[in-house]
Amino acid sequence: MSGLHNLKPDRVIKAFQRAGWTAQRQKGSHVHMTKEGNANILSIPLHKGKPIKQGLLKDQIAKAGMTVEEFLKYYK
């Protein structure tokens, strides 16, 4: 899981958008993202000043059908 620590939520959302995901709505402090052809809904927390936890991010990357390496290319 190297490389997934201390990632900022706003940049994580932009990385998923670069991969073709669209922010559909925000409910509370979570942004819900969808992608045509993928039945999953990604839920990204937007807690101010707090990075996304590695386990949650790894789960969202797997739901997106990506590898960690692919995601990090979009994040950079």
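Listed here are the residues, each with its yes/no results for (1) in contact with a His (Cβ under 8 Å, 6 or more places away or on another chain); (2) not polar (S, T, N, Q).
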position	(1), (2)
Lys8	no, yes
Arg25	yes, yes
Val31	no, yes
Pro51	yes, yes
Gln54	yes, no
Val68	no, yes
Tyr74	no, yes
> Can Gln26 be described as without any contact (Cβ under 8 Å) to a residue 24 or more places away in the chain and either surrounded by 13 or more Cβ atoms within 10 Å (Cβ to Cβ) or assigned to a loop (DSSP other than H, G, I, E, B) (or both)?
Replying inline: no
> Taking into account only those residues within the range 5-23 that are under 11 Å from the mean Cα position of the chain (by Cα) and in a loop (DSSP other than H, G, I, E, B), which is nearest to Asn40 (Cα to Cα)?
Replying inline: Trp21
>> Of the residues Gly55, Gly65, only one is over 12 Å from Ile13 (Cβ atoms), in a loop (DSSP other than H, G, I, E, B) and not β-branched (Val, Ile, Thr); which?
In response: Gly65
> Applying the selection to the range 43-76, what residues are more than 15 Å from Asn6 (Cα to Cα) and of a type outside the set (Asp, Glu)?
Replying inline: Ser43, Gln60, Ile61, Ala62, Lys63, Ala64, Gly65, Met66, Thr67, Lys73, Tyr74
>> Looking at Ala15 and the list (1) free of Cβ contacts under 8 Å to residues at least 24 places away in the same chain; (2) in contact with a Phe, Trp or Tyr (Cβ under 6 Å, 6 or more places away or on another chain); (3) of a type in the set (A, V, I, L, M), which single condition is not satisfied?
In response: (1)
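We did not get these values from a lab; they are worked out from the coordinates using the rules stated. Values in this document were obtained by computation on a predicted structure and should not be read as measured data. All Cβ positions, even for glycine, are placed from backbone atoms using ideal geometry, and neighbour counts span all protein chains on display.
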